[in-house]
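Just below is one structure, and these are the notes that go with it.
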Amino acid sequence: MIVCKSQSEIEKMRRASMIVHDILEDLRQAVKPGMSTSELDAIAERKTRESGARPAFKGYRGYPKSLCTSINQEVVHGIPSERRVLKEGDIIGLDYGVIVEGYFGDAAITVPVGTVNGSLKKLLQVTEESLELGIAQVRPGHRISDIGSAVQQHAEASGFSVVREFCGHGIGTALHEDPQIPNYGTPGHGPILKEGMVLALEPMINEGTFQVKILEDQWTAVTVDGRNSAHFEHTVAVTHNGPWVLSRP
Ligand code: CO
């Protein structure tokens, strides 16, 4: 069942999503060689409390931290740790969510650590472009698979692959609501988009194979071939004139 949100519910999700946006921009500035991922988690948690919101991921299905930090071949759900230190040339996915008055916002960016090589720059650019092409499909009357189709076409035309095992999702009074939103597929399938739906779109794009596996920690997803992966996410409302990206100013 897909729940459509009222204007006042969407306003709360806007507030949550903009707090996530602001924190991700602070983290983007903070990322430096020599920094540990647990320092980034501490910044996110402090800024969340200062804004009056609550972290959405901590305790979700037992997730131990507030932020997800996924470096290089890590796809999603990397757990921040003091022992994990960034180095020049890495890329790091920063995935964050908060709750405001019972409503969720969820977004992610992948950023370079210092200067990265040209092929990593291209991976970041194509992944962000794929998300934007997916967002452009968010309008009443379109179908869920139109989003994944747009993402997949651009990613594969650029020589990359699309992760299958994780999807985008509806979002509202829970982090994950219906529908699931695959980042691949053919157009014209799945639920029809309606005004008031709110969707978290989150393509994960790999340099090599799309196959992933989960590490011993039960959370960190990595590429099976050890090549790099990038992830961008926005929370997006369906309005009568098309997408409203709640996690963007
Ligand atoms: Co999400």
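Nothing in this text is a laboratory measurement; each read-out follows from the coordinates by a stated rule. Computed from a predicted model, the values in this text were never measured in an experiment. Reconstructed Cβ throughout: ideal geometry from the backbone, glycine too, with neighbour counts over all protein chains shown.
When you scan segment 177-192, how many residues do you find that are within 14 Å of the ligand (Cβ to nearest atom), part of a loop (DSSP other than H, G, I, E, B) and in contact (Cβ under 8 Å) with a residue 40 or more places away in the chain?
1
Restricting to segment 200-210, and then to whatever is more than 10 Å from the ligand (Cβ to nearest atom) and under 16 Å from the mean Cα position of the chain (by Cα), can you tell me which residue is nearest to V224 (Cα to Cα)? Please lay out each step first, then the result.
If we filter segment 200-210 for residues that are more than 10 Å from the ligand (Cβ to nearest atom), which is where we start, we get 203-210.
Next, from what is left, pick out any that are under 16 Å from the mean Cα position of the chain (by Cα): 203-206.
On the way: P203: 18, M204: 14, I205: 13, N206: 10 Å.
The qualifying residue nearest to V224 (Cα to Cα) is N206.
Mind listing just one residue for me: the one in segment 150-176 that is free of Cβ contacts under 8 Å to residues at least 40 places away in the same chain and within 16 Å of the ligand (Cβ to nearest atom) and, of those, farthest from R15 (Cα to Cα)? Lay out the reasoning, then the answer.
Kept after step one, since they are free of Cβ contacts under 8 Å to residues at least 40 places away in the same chain, are these residues of segment 150-176: 150, 152-154, 156-159, 167, 169, 176.
Now drop any that are not within 16 Å of the ligand (Cβ to nearest atom), which leaves 167, 169, 176.
On the way: C167: 24, H169: 19, H176: 18 Å.
Step by step, filter segment 150-176, then rank; the result is C167.
Residue by residue through segment 190-208, note down the ones that are in contact with a strand residue (DSSP E or B) (Cβ under 6 Å, 6 or more places away or on another chain) and surrounded by fewer than 20 Cβ atoms within 10 Å (Cβ to Cβ). Steps first, answer last, please.
Of the residues in segment 190-208, the ones in contact with a strand residue (DSSP E or B) (Cβ under 6 Å, 6 or more places away or on another chain) are 190-193, 195, 197-202, 204-206.
Passing the criteria: G190, P191, I192, E195.
When you scan segment 102-119, do you find a residue that is small (G, A, S), away from the ligand (no atom under 14 Å from the Cβ) and buried (at least 24 other Cβ atoms within 10 Å of the Cβ), even just one?
First, the residues of segment 102-119 that are small (G, A, S): 102, 105, 107-108, 114, 118-119.
Retained after the next criterion (residues that are away from the ligand (no atom under 14 Å from the Cβ)): 102, 114, 118-119.
Retained after the next criterion (residues that are buried (at least 24 other Cβ atoms within 10 Å of the Cβ)): none.
No - not one qualifying residue is present in segment 102-119.
What's the number of the only condition in (1) surrounded by fewer than 19 Cβ atoms within 10 Å (Cβ to Cβ); (2) of a type outside the set (S, T, Y); (3) within 16 Å of the ligand (Cβ to nearest atom) that G134 fails to meet?
Failed condition: (1).
In this structure, is N117 in contact (Cβ under 8 Å) with a residue 24 or more places away in the chain and more than 18 Å from the chain's Cα centre (by Cα)? Before you say what the answer is, go through the steps one by one.
Values: in contact (Cβ under 8 Å) with a residue 24 or more places away in the chain: yes; more than 18 Å from the chain's Cα centre (by Cα): yes.
Yes, satisfied.
Between a residue in segment 87-105 that is in contact (Cβ under 8 Å) with a residue 12 or more places away in the chain and within 17 Å of S51 (Cβ to Cβ) and any residue that is assigned to a strand (DSSP E or B) and more than 16 Å from the ligand (Cβ to nearest atom), which pairs come within a Cβ distance under 7 Å, given they are 6 or more apart or on different chains?
So the pair list comes out as L94/V111; V98/R54; I99/R54.
Looking only at segment 21-39, how many residues end up being in contact with a Ser or Thr (Cβ under 6 Å, 6 or more places away or on another chain) and under 21 Å from R248 (Cβ atoms)?
Here is the first cut: in segment 21-39, the residues in contact with a Ser or Thr (Cβ under 6 Å, 6 or more places away or on another chain) are 21, 37-38.
Still in the list and also under 21 Å from R248 (Cβ atoms): 21.
Of the residues in that region, 1 qualify.
Just give me the residues in segment 197-214 being touching a Leu at 6+ places or on another chain (Cβ under 8 Å) and among the β-branched types (V, I, T), in sequence order.
Across segment 197-214, the qualifying residues are V198, I205.
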